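Below is one structure, written out as structure tokens; the observations come after it.
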Amino acid sequence: MSSIIFGPVHSRRFGKSLGIDLSPSKKQCNFDCLYCELDPAKTMDHYEDVVSIEEVMEALKKALAEHPDIDFITLTANGEPTLYPYLSELIDEIDKIKGDTKTLILSNAATIDELKVQETLLKLDEVKLSLDCATQTCLKKLDRAHSGIDVEQIKEGMLAFKSKYKGALVVEILIVKTLNDKPEEIAKLNEYLLKLQPTRIDMGTIDRPPAYDVKPVSYEELYALSKQFDTSLPLYIASRKKSEARASNYTNEEILETLSMRPLTHEDIEVLFDEESQKRVEKLLNKENLKIIESNGVKFYVLA
Ligand code: SF4
């Protein structure tokens, strides 16, 4: 059995966070995604191995005593955390001791159509839901969902949840080469996300060795795909593939043209623009041709 608590993990977005693994014994998931970093496993709709709330809280209290300056407590699993049967009660227990620390869950969204799951997630400060596919064919092929899981129900469930939720709802899309990178699939995702209006969309690709033989897309391909989404959507390219991309020289006009098609983060600018072009961006910012807007901790450069 691996340990229930992992971290602290440092990140620009979440500061210092501690993770809770609600399925430390084995993979327990209602998906068996082709890109999963865990070994392939049969899907399930409930946990077979369940850790007790007491075990989780004991481990969490110990970790918090060692690391009192934690910014986020992240609920996650070797699998899907919303399948943990005592999730609601566990969050109540965490709330009693967390103080100013924020809570977050990383879920594949397959259960978000259940009222009980929606009510449970409403208690969290931040919710991150995956949505790789907007069609059932894609969901079956890429996420290999447990029988009975329907993408239309997931989409309805997310909309219902969003209408009640006051915290930050981030949608994560993982792009896999030839599986969900086709214009028809992206168009359907775009159409749905315009309805959902999440706080932010994180789009990435495979960064770690996948369970099955599937391939990531390059940063350039992610960037090209990002342009197929409506410019009003706060889309952030979240991928380590950035480090492989090569920067180019952009004139002032090209910078403005690029930003008219898609808001870019500081990271995108560092990846796409060479040093000279980055200085041009700063000048355009000073001359107020550009401005910076912030969306849930991520800064975007946009036309002023
Ligand atoms: S939802 Fe997450 S844990 Fe489950 S199969 Fe997909 S990637 Fe793996």
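The values are calculated or read from the model by the stated rules, or taken from the named source; none is laboratory data. What you see is a predicted model, and the numbers here were worked out from it, not measured in a lab. With ideal geometry, Cβ positions are generated from the backbone for all residues, glycine too; neighbour counts draw on all protein chains shown. Note: accessible area is taken over every heavy atom of the protein model, side chains too, but ligands, DNA and RNA are not part of it. Shrake-Rupley method; radii C 1.70, N 1.55, O 1.52, S 1.80 Å.
So the check is Cβ under 6 Å with 6+ separation or different chains; which pairs have a first residue in the stretch 14-29 that's assigned by TED's automatic domain parsing to the domain that holds N78 and a second one that's charged (D, E, K, R) and within 13 Å of the ligand (Cβ to nearest atom)?
C29/E80
Can you pull out the residues in the stretch 23-59 that are modelled with pLDDT of 95 or more, within 16 Å of the ligand (Cβ to nearest atom) and small (G, A, S)?
Matches in the stretch 23-59: S23, A41.
What is the one condition in (1) in contact (Cβ under 8 Å) with a residue 60 or more places away in the chain; (2) open to solvent by less than 30 Å² (accessible area, probe 1.4 Å) that H146 does not satisfy?
(2)
Can you tell me which residue within the stretch 209-239, out of those that are within 16 Å of the ligand (Cβ to nearest atom) and within 15 Å of the chain's Cα centre (by Cα), is farthest from L106 (Cα to Cα)?
In this case the residue turns out to be S239.
Could you figure out which of (1) in contact with a Pro (Cβ under 7 Å, 6 or more places away or on another chain); (2) closer than 29 Å to Q153 by Cβ isn't true of H67?
Every listed condition holds for H67 apart from (2).
Between Y236, Y250, Y212, which is open to solvent by 20 Å² or more (accessible area, probe 1.4 Å), of a type in the set (F, W, Y) and under 25 Å from K188 (Cα atoms)?
From the options Y236, Y250, Y212, the qualifying one is Y236.
When the stretch 267-304 is examined, which residues are found to be over 30 Å from G167 (Cα atoms) and open to solvent by less than 50 Å² (accessible area, probe 1.4 Å)?
Listed by number, the residues that qualify are V271, L272, F273, D274, S277, V281, L284, L285.
Taking the stated definitions as given, is P85 away from the ligand (no atom under 16 Å from the Cβ), modelled with pLDDT of 95 or more, open to solvent by less than 70 Å² (accessible area, probe 1.4 Å) and not in a helix (DSSP H, G or I)?
Against the criterion (away from the ligand (no atom under 16 Å from the Cβ), modelled with pLDDT of 95 or more, open to solvent by less than 70 Å² (accessible area, probe 1.4 Å) and not in a helix (DSSP H, G or I)), P85 qualifies.
Of all residues in the stretch 108-117, which are more than 12 Å from the ligand (Cβ to nearest atom) and either open to solvent by 10 Å² or more (accessible area, probe 1.4 Å) or over 12 Å from A160 (Cβ atoms) (or both)?
Once the filter is applied, which keeps residues that are more than 12 Å from the ligand (Cβ to nearest atom) and either open to solvent by 10 Å² or more (accessible area, probe 1.4 Å) or over 12 Å from A160 (Cβ atoms) (or both), the stretch 108-117 yields D113, E114, L115, K116, V117.
Have a look at I73, I105, I20 and point out the one that is within 30 Å of P210 (Cα to Cα), part of a strand (DSSP E or B), more than 16 Å from the ligand (Cβ to nearest atom) and open to solvent by less than 40 Å² (accessible area, probe 1.4 Å).
Checking each option against the conditions leaves just I73.
Please go through (1) open to solvent by less than 60 Å² (accessible area, probe 1.4 Å); (2) under 24 Å from T120 (Cβ atoms); (3) touching an Asp or Glu at 6+ places or on another chain (Cβ under 7 Å) for A134 and return the number of the only condition it doesn't satisfy.
(2)
Among the candidates I94, I53, which residue alone is in contact (Cβ under 8 Å) with a residue 12 or more places away in the chain, aliphatic (A, V, I, L, M) and under 30 Å from D132 (Cβ atoms)?
Selected residue: I94, the only one of I94, I53 that is in contact (Cβ under 8 Å) with a residue 12 or more places away in the chain, aliphatic (A, V, I, L, M) and under 30 Å from D132 (Cβ atoms).
Would you say M57 is in a loop (DSSP other than H, G, I, E, B) and either surrounded by fewer than 13 Cβ atoms within 10 Å (Cβ to Cβ) or of a type outside the set (V, I, T) (or both)?
no
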